[in-house]
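To start, the structure under review is shown below, and the notes come after it.
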Amino acid sequence: MLYFISDLHLSPAVPSITALFLDFLASLPGRKASSLYILGDFFDHWVGDDDCTDPYNARIIAALRQAANQGIELNLLHGNRDFLLGQDFATAAGLRLLPDPYVLSVVTWQFVLSHGDILCTDDRDYQDFRTQVRGAAWQGEFLAKPLAERKAIAAALRQRSETIKAEKRDGADYLMDVNAATVEDFLRDNGYATLIHGHTHRPDRHDHIVDGIHCERWVLADWRQDASRAWGDCLVWDGETLQRESLQRPLA
């Protein structure tokens with residue numbers, strides 16, 4: 001059984017989502033899971049692997065390591081909030097960092113996995129920013145700053161991001177979703193595989209006909225809480241079918 005999740009945005013500020021994830025992770029051996037694929041924005045922010053010893057981060061890492069020790073293969077793609085997750089984190093957590101996109105071939109099917117932000121090409125400002133912060137020069141300069149300064153910068157960027165998203169929702173909501181032509185090119189370039197991604201926070205299943213070939217695109221939900229519960233979802237591949245499963249936990 002393969003499991004796929006995305007956009008948890010884990011943070012000590014939202015303990016109910018943390019609890020939901022830890023419950024889910026602990027349940028994987030009983031679910032006969034062989035692999036878990038985390039498709040980005042696992043953390044709400046990540047400013048460098050020297051923050052692995054932060055008590056909250058260390059708790060998440062320890063839970064991941066325990067799952068890995070129980071035989072669950074853990075895999076993670078970077079998102080737009082946690083693209084600085086590095087090999088020190090991966091080694092401590094017992095997981096593999098995967099490139100985006102990543103073609104996953106199993107005996108009976110083929111998937112292509114992505115965080116999804118590379119598909120939102122209508123938002124040129126974001127794509128320019130993404131190119132900048134994924135570059136070695138920017139990352140080297142940023143990681144050379146003291147940890148406290150990096151955390152302050154990340155907090156300011158998160159606030160700016162929320163403001164920009166609110167403005168786009170009010171005026172140009174399409175900027176926050178994928179571009180149809182980009183998706184078709186992406187599917188063509190990756191073997192017409194079933195596409196699974198997150199990022200847009202618009203869970204759904206879409207059908208695409210590309211060069212006469214039917215392709216499915218599954219969008220994972222972001223994890224969040226309302227007045228009574230924390231909730232999210234996962235996709236489950238049982239070797240024959242891909243199904244969405246709702247996950248929820250009542251607030252304490």
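The values are calculated or read from the model by the stated rules, or taken from the named source; none is laboratory data. Fair warning: this is a prediction, and the values are worked out from it, not measured in the lab. Reconstructed Cβ throughout: ideal geometry from the backbone, glycine too, with neighbour counts over all protein chains shown. Ligands, DNA and RNA are excluded from the accessible area calculation, which covers all protein heavy atoms including side chains. Shrake-Rupley method; radii C 1.70, N 1.55, O 1.52, S 1.80 Å.
Observations on the model:
- Contour minus Cα-Cα distance for ASP226 and SER246 (0.36 nm per residue): 5.7 nm
- Take every pair of alpha-carbon atoms less than 8 Å apart whose residues are at least six positions apart; their mean separation over the length of the range 199-252 yields a relative contact order of 25 percent.
- Virtual paramagnetic centre 7 Å along Cα→Cβ of LYS145, amide N under 13 Å, in the range 114-134: 133
- 5 angstrom amide H check on LEU98, placed H, neighbours 5+ away: LEU76, LEU77, HIS78
- With kT/(6 pi eta Rh) evaluated at 37 °C and eta = 0.692 mPa s, and Rh the Kirkwood radius from Cα pairs, the range 1-69 diffuses with a coefficient of 259 µm²/s according to Stokes-Einstein.
- Note on the chain: antiparallel DSSP beta bridges, both residues inside, total approximately 55 percent of the bridges counted.
- A Gaussian network model of the chain, with springs between Cα atoms under 10 Å, assigns the largest mean-square fluctuation among GLY86, GLY239, GLY48 to GLY239.
- Relative contact order (%) - criterion: Cα under 8 Å, at least six apart; region: the range 41-125: 30 percent
- Three-way shape label, the chain, alpha-carbon gyration tensor, a/c 1.5: rounded
- Shown is the FRET efficiency for ARG124 and ASP50, computed with R0 = 25 Å from the Cβ-Cβ distance and rounded to the nearest 0.05: 0.15.
- Over the range 84-158, Cα pairs under 8 Å with separation of 6+ residues give a relative contact order of 14 percent.
- Note on surface exposure: HIS45, HIS214 rank HIS214, HIS45 by accessible area, highest first, 1.4 Å probe.
- Packing-based ranking, highest mean first, of 120-127, 73-80 given that Cβ atoms within 10 Å are counted: 73-80, 120-127
- Extended-chain gain in nm, criterion 0.36 nm per residue less alpha-carbon gap, ILE153 and ALA26: 42.4 nm
- Within the chain, helix-based [θ] at 222 nm, where runs of 4 or more DSSP H residues each add -39,500 (n - 2.57), nearest 500: -11000 deg cm²/dmol
- The listed peptides 134-146, 60-72, ordered by packing as a protection proxy, come out as 60-72, 134-146 (highest mean of other Cβ atoms within 10 Å first).
- Surface calculation, 1.4 Å probe, protein heavy atoms: VAL103 sits at approximately 60 Å² accessible.
- A simple spin-label model places the labels of ILE213 and ALA13 4.2 nm from each other, with each point 7 Å out along Cα-to-Cβ.
- Mean projected area of the Cα convex hull of the range 1-126, taken over all directions, amounts to 8.4 nm².
- Under 5 Å between amide hydrogens, built in the peptide plane, is the criterion, and for TRP223 it picks out LEU8 among residues at least 5 positions away or on other chains.
- Rounded to whole numbers, the Karplus 3J(HN,Hα) couplings from phi for the range 50-65 are 6, 9, 4, 7, 3, x, 5, 4, 5, 5, 5, 4, 4, 5, 5, 4 Hz, using 6.51 cos²θ - 1.76 cosθ + 1.60 with θ = phi - 60°, and x at Gly and Pro.
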